[in-house]
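Enquirer: Got a structure for you, questions after.
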Amino acid sequence: MPSPVATAGDSHWTDLHQDAIVLALLLECADDFVAGGMLCDKLDVPRAELLKRIDSLRARGYVIHTRGGLGYRLVEIPDQLGEAQIAPLLASGELGRKIHHFEELESTNDEAHRLAEAGALHGEVVVADFQTRGRGRRGRSWVAPRGKAVTFSVVLRPAIAPVRAPEITIAAAVAAAEAAREMGAASARIKWPNDVECKGRKIAGLLTELRAEPDRVRHAVLGVGFNVSLQMRDFPEELRPVATSLLLESGERQPRPLVCARLLEHVEEWLSLHETEGFGPVADRWRELSSTLGRRVRITGADPIEGDAVDLAEDGALLVRTAPGALVRVLAGDVEHCTLL
Ligand code: BTN
């Protein structure tokens with residue numbers, strides 16, 4: 001059984017929390033120096049304590065420039081995916097409350113299920129630098145090169161009936177698309193049900209798996225694969241026409257822990273909106289971000305059909321008009337986009 005690479009004890013956690021405050025302030029003014037006096041005031045600590053926090057961040061790979069009289073400027077964030085790197089960048093409440101980091105796993109979804117069965121709390125995250133048997137939707141594999149993607153799974157304990165599980169998938173897709181846009185993939189949209197793509201090229205995939213009894217979800221695992229700094233040559237040849245990455249879309253290399261943190265924050269935001277206000281606002285935002293609605297589509301799978309994608313149903317199904325007056329509810333399958341209507 002693989003063992004975690006990084007875990008946090010209590011005092012370590014306190015340090016991380018202090019570092020997180022410094023980091024958040026430096027990140028807010030990413031292109032500018034932040035005065036040391038201001039940082040001391042916000043932390044309510046003397047200058048010597050601030051220097052310890054700056055040293056601790058530098059020791060963990062953050063490059064922070066100092067200029068006498070001007071203060072501190074964050075120049076580089078480490079690209080490792082450990083809890084020590086992700087947690088200080090994370091402004092969520094429960095998602096990422098504990099991050100189990102592995103250099104290599106078969107699948108983060110499998111490990112998250114194992115942890116959930118052993119009692120892991122809502123929001124615990126499993127992240128891996130590399131998966132040897134990453135799973136995609138519909139029995140496919142998910143392959144991502146070491147060090148260039150973010151692959152993680154979150155244990156969720158939603159208080160909903162199993163039939164409503166697709167709503168979580170839709171909410172997570174909205175979250176991932178919004179995070180992608182915020183990080184520079186401005187054209188990110190959602191292909192039903194939850195592929196995030198930029199002009200027809202996939203940048204992220206989500207896989208939600210349930211462990212449930214007929215009337216109760218024991219837990220769900222939300223797996224996210226996000227292409228961060230892949231160049232076109234990093235994708236297998238057959239995927240090159242249909243894949244992309246944040247680097248290719250934004251032209252900027254984003255640190256993976258920051259990408260992971262932003263994704264978790266957005267997932268938390270949309271899941272909590274779903275919990276408080278129901279599926280309505282989630283579905284509305286999905287419609288706005290959808291690249292599927294308003295298109296001629298072909299649904300492949302057990303029951304292939306072709307028609308016009310007209311709406312998202314209240315339960316997350318795709319409504320496809322196959323002939324005048326004939327509306328088909330699609331609950332599973334792959335969508336091929338044909339023409340715009
Ligand atoms: C898809 O688009 O088919 C879904 C891809 C989901 C991939 C992620 S990577 C992290 C998590 N672990 C897995 O084995 N799969 C998901």
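Read the figures in this text as sums done on the coordinates, not as results from a lab. No experiment lies behind these values; they were computed from the predicted model shown. Quick reminder, even Gly has a Cβ in these numbers, built from the backbone with ideal geometry, and neighbours come from all protein chains shown.
Enquirer: What 222 nm value per residue comes from the helices of the chain, counting each DSSP H run with n ≥ 4 as -39,500 (n - 2.57) and dividing by all residues, nearest 500 deg cm²/dmol?
Expert: Value at 222 nm, helices only: -10000 deg cm²/dmol.
Enquirer: So what does the Cα-only Debye profile of the stretch 122-245 read at q = 0.09, 0.10, 0.15, 0.22 Å⁻¹, as log10 I(q)/I(0), no solvent term?
Expert: Rounded to two decimals, the profile gives -0.25, -0.31, -0.69, -1.35.
Enquirer: Show me, for the stretch 217-223, the HN-Hα J-couplings you get by feeding each phi into the Karplus relation (A = 6.51, B = -1.76, C = 1.60, θ = phi - 60°), rounded to Hz, glycine and proline as x.
Expert: With coefficients 6.51, -1.76 and 1.60, one gets 7, 5, 7, 10, 10, 9, x Hz.
Enquirer: To continue, here is another question. Quick one: grab the alpha carbon gyration tensor of the stretch 150-199, order the square roots of its eigenvalues as a ≥ b ≥ c, and give me rounded if a/c is under 1.5, else prolate or oblate depending on whether a/b is larger than b/c. Working shown, then result.
Expert: Numbers: a/c = 2.84, a/b = 1.85, b/c = 1.54.
Cα axes put the stretch 150-199 in the prolate bin.
Enquirer: Here's something else I'd like to know. Give me the log10 of I(q) over I(0) for the chain at q = 0.12, 0.14 Å⁻¹, as the Debye formula computes it from C-alpha points; what are the numbers?
Expert: -0.87, -1.13
Enquirer: Long-range amide H contacts for Val228: which residues qualify at under 5 Å (H placed 1.01 Å from N, peptide plane, sequence gap of 5 or more or a different chain)?
Expert: HN-HN under 5 Å from Val228: Ala149, Val150, Leu246.
Enquirer: Quick one: Karplus J couplings for the stretch 196-211, per residue in order, coefficients 6.51, -1.76, 1.60, θ = phi - 60°, nearest Hz, x for Gly and Pro?
Expert: Per residue, the Karplus-derived 3J(HN,Hα) values read 9, 9, 10, 6, x, 10, 6, 10, 8, x, 10, 9, 9, 10, 10, 10 Hz.
Enquirer: Mind listing the long-range amide H neighbours of Asp311? Cut-off is under 5 Å, sequence gap 5 or more, other chains count too, H placed in the peptide plane at 1.01 Å from N.
Expert: Correct list: Leu319.
Enquirer: Could you line up Ile86, Ile299 from fewest to most neighbouring Cβ atoms inside 10 Å? Don't skip to the end; give the middle numbers.
Expert: Working: Ile86 27, Ile299 22.
Final ranking by Cβ density, sparse to dense: Ile299, Ile86.
Enquirer: Moving on. Binning at 5 angstrom from zero up to the longest distance, how are the C-alpha pair distances of the stretch 8-76 distributed in percent?
Expert: Reading the bins upward from 0: 4, 17, 31, 29, 13, 4, 1, 0.
Enquirer: Return, for the Cα atoms of the stretch 189-329, the radius of gyration and Dmax in Å, separated by a comma.
Expert: 17.1, 50
Enquirer: Quick one: how many lysine pairs does the chain have with C-alpha atoms less than 30 Å apart and a gap of 8 or more or different chains? Give me the count, please.
Expert: Qualifying lysine pairs in the chain: 10.
Enquirer: Continuing with this model, one more query. How large is ³J(HN,Hα), in whole Hz, for each residue of the stretch 236-251 in order, when computed from phi with the Karplus curve 6.51 cos²θ - 1.76 cosθ + 1.60 and θ = phi - 60°, using x for Gly and Pro?
Expert: My calculation for the stretch 236-251 gives x, 3, 5, 8, 4, x, 10, 10, 8, 9, 4, 4, 5, 7, 9, x Hz in order.
Enquirer: Mind listing the long-range amide H neighbours of Cys338? Cut-off is under 5 Å, sequence gap 5 or more, other chains count too, H placed in the peptide plane at 1.01 Å from N.
Expert: Those qualifying (amide H under 5 Å, at least 5 residues apart or on another chain) are Arg296, Val297, Arg298.
Enquirer: If only Cα atoms are counted, what is the Rg of the stretch 295-340, and what is its Dmax, in Å?
Expert: 9.6, 26
Enquirer: Please build a GNM for the chain, connecting alpha carbons under 10 Å apart, and tell me which residue among Ser250, Ser229, Ser290 fluctuates the most.
Expert: Ser250
Enquirer: I would also like to ask the following. Taking springs between alpha-carbon atoms closer than 10 angstrom, which of Val320, Val328, Val259 fluctuates most in the Gaussian network model of the chain?
Expert: Per the Cα network of the chain with a 10 Å cutoff, Val328 tops the list.
Enquirer: Moving to a separate point now. Pick out, from Met232, Leu95, Cys260, the residue whose Cα sits farthest towards the positive end of the charge dipole of the chain, with +1 on the Cβ of Lys and Arg and -1 on the Cβ of Asp and Glu.
Expert: Highest projection toward the positive end goes to Met232.
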